Amino acid sequence: MDAQDDLDTLARRVVSHCPPMAMVVAGAASSAIQSILRQPGASQVVLDAQIPYSREALGRYLGRLPESLCSVETARLLAWRAWNNAWQIAPADKKKPLRGGGLHRSTGNPTAPARHRPGPHGHL
C-alpha cells in the first residue's frame with residue numbers, strides 16, 4: 001500500500017464518518033483535499049476547503065506566522081480556524097456537531113533547497 005492508498009482510505013473514512021466540516025491544509029498536504037472531494041458524498045460533508053500554501057498566506061490565514069510551519073501547534077491553529085469557518089458557513093440546523101480539520105505536511109524532499117527540516121514532516 002502506498003501513500004496515496006493511505007490517503008484515499010483516510011478520505012473515505014472522513015466522508016463516511018464526519019459531520020459537516022471545513023478543512024484547511026497547508027504545504028504539501030494539498031492532495032488531501034482532492035482525495036476527500038473525489039469521494040462519493042463529499043458534498044454532504046465538506047463545507048469549505050482552503051489551501052494557504054505559501055509561508056505568507058499561512059501567516060495571513062492564521063493572523064500570525066507560527067513558530068514552526070510544520071508542527072502540532074500549527075495543525076491545531078489550522079483546525080481551529082477551519083472550525084470557525086465551518087461555524088460561519090453551516091446552516092443553523094447543522095451547527096452541532098461540526099468539525100474543523102487542519103493538516104500541514106512538508107515534502108521532506110532531500111533535493112529541496114538546503115534547509116534542515118528537523119522532526120516529523122506532517123501533522124493532522
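The values are calculated or read from the model by the stated rules, or taken from the named source; none is laboratory data. Worth saying up front: this structure is predicted, and the values here are computed from it rather than measured. Cβ coordinates were reconstructed from backbone atoms using ideal geometry, including for glycine residues, and neighbour counts include every protein chain displayed.
Descriptive notes on the structure:
- Boolean, Leu69 is surrounded by 12 or more Cβ atoms within 10 Å (Cβ to Cβ) and either of a type in the set (Phe, Trp, Tyr) or in contact (Cβ under 8 Å) with a residue 24 or more places away in the chain (or both): yes
- Scan of region 53-70 for residues that are in a loop (DSSP other than H, G, I, E, B) and modelled with pLDDT of 90 or more, ordered by number: Gly63, Arg64, Leu65
- Residues within region 48-57 that are farther than 8 Å from Met23 by Cα and either surrounded by 15 or more Cβ atoms within 10 Å (Cβ to Cβ) or of a type outside the set (A, V, I, L, M, F, W, C) (or both), tallied: 6
- Of all residues making up region 9-27, the number that are surrounded by fewer than 16 Cβ atoms within 10 Å (Cβ to Cβ), assigned to a helix (DSSP H, G or I) and of a type outside the set (Lys, Arg): 4
- Residue in region 31-45 that is within 14 Å of Gly101 (Cα to Cα) and exposed (fewer than 13 other Cβ atoms within 10 Å of the Cβ) present: no
- Test result for Arg76, among the basic types (Lys, Arg) and in contact with a strand residue (DSSP E or B) (Cβ under 9 Å, 6 or more places away or on another chain): yes
- For first residues located in region 79-105 and in contact (Cβ under 8 Å) with a residue 60 or more places away in the chain, partners that are among the acidic types (Asp, Glu) and lie 6+ apart or on another chain with Cβ distances below 9 Å form the pairs Ala82/Asp48; Asn85/Asp48; Ala86/Asp48; Ile89/Asp48.
- Considered as a group, the residues in region 89-107 that are under 21 Å from Leu10 (Cα atoms) and at pLDDT below 80 include one that is surrounded by the most Cβ atoms within 10 Å (Cβ to Cβ), and that residue is His104.
- Filter result for Ala49 (outside any helix (DSSP H, G or I) and free of Cβ contacts under 8 Å to residues at least 40 places away in the same chain): yes
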